[in-house]
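Below is one structure, written out as structure tokens, with a few remarks after it.
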Amino acid sequence: MEKKSFILIIFVSILVILTTNVLALPIKIAIKPISDVVISEINKPAIFDVTIKNTGDQSDAFEIYSLANIEILPKSTFDIKRGETKTVRIEVYPASSVKERIGLNSFVYKIRGQLTGIQDEVLSFRVARLKDLFQIFPQDVDLNSEKAVVSIQNKEDIELKNIRAVFNSALSDGEETFSLKQFEKKEITLPINKEKIKTLIAGKYLLTTTLLFEKVEQKFETAFSFLEKPIISSEEAKSGFFIASIKNSKTNNGNIPKIAEIRIKKNFITDLFTNFNAIPDYSERSGLTKIYIWQK
């Protein structure tokens, strides 16, 4: 009986010691996210600063790790003296299966002191698809525009370096390499093909943007407006003295279909001596004046 009681006391003592080591590690912890977004298609980590204060009565060597499907770097230990505060920057690499869970993810990680035991903590990060990181806004253009402007915004709390963008539309083409800080918006200017723009009518057009980041390609399609601008130019040329010749022409230099109209007025005398190379579409009378009208 005494032997069984002794064994039971030893078992409870060991359990208390283990529980104390897990739950009452003499440290204070603060977490600061540096970049808590992981892109699902790219092997880049979430980054955190972990600040640890050793409130115990002895110095210790600590390490940070996880038993979840997460890799934490660096894996080496670091010393914190008694009463000292130290900040360690860690990189969190979720496994592929974890990165399939788009949105907020949380996991348990462990801080282990070689002398003082283990403490469990929780970290959270977000998984985002590459296509969800960007918002693209092409500005509207008109016949007088010298350039096309495309705004690209980083929607997430993550820095994106060396993005290569290729732009294609009916009005302009181009490419540029740039970087975006967290939530930054950048304007890209593209030259407009002045010869091509003359052949297009007003309306909605499609801009295709291909982004290449960390060897991963993503395409975006966004619409912009080629704004209406009616422009009708007129020319009149006169020649001859005894027999006068008048040449009238009108040209649609705008980007919308528009009827061009020529009106010539003749009184009852000059009307008798007037011939036209092109037959008028119709004519009107206003008193002694006759008005000839061409439309096209």
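What to note about this one:
- So LEU212, is it surrounded by 16 or more Cβ atoms within 10 Å (Cβ to Cβ) and farther than 12 Å from VAL141 by Cβ: no
- Scanning the range 34-57 for residues that are in contact with a Leu (Cβ under 6 Å, 6 or more places away or on another chain) and in a loop (DSSP other than H, G, I, E, B) returns a single hit, GLU41.
- Count of residues meeting criterion [polar (S, T, N, Q) and over 24 Å from the mean Cα position of the chain (by Cα)] in the range 97-110: 2
- Subset tally (residues that are aliphatic (A, V, I, L, M) and either farther than 26 Å from ILE192 by Cβ or over 13 Å from the mean Cα position of the chain (by Cα) (or both)) for the range 151-165: 2
- Just one of the numbered conditions (1) at pLDDT 95 or above; (2) touching a Pro at 6+ places or on another chain (Cβ under 8 Å) is not true of SER172: (1).
- Taking the criterion of being in contact with a Phe, Trp or Tyr (Cβ under 9 Å, 6 or more places away or on another chain), surrounded by 19 or more Cβ atoms within 10 Å (Cβ to Cβ) and not in a loop (DSSP other than H, G, I, E, B), the residues of the range 129-176 that qualify are PHE134, PRO138, VAL141, ALA148, VAL150, ILE152, ASN154, LEU160, ILE163, ALA165.
- When ARG89, ARG126 are screened for being assigned to a strand (DSSP E or B), among the charged types (D, E, K, R) and touching a Gly at 6+ places or on another chain (Cβ under 7 Å), only ARG126 passes.
The values are calculated or read from the model by the stated rules, or taken from the named source; none is laboratory data. Here the structure is a predicted model, which means the values were calculated and not measured. As a convention, Cβ positions derive from the backbone with ideal geometry for all residues, glycine included, and neighbour counts pool all protein chains shown.
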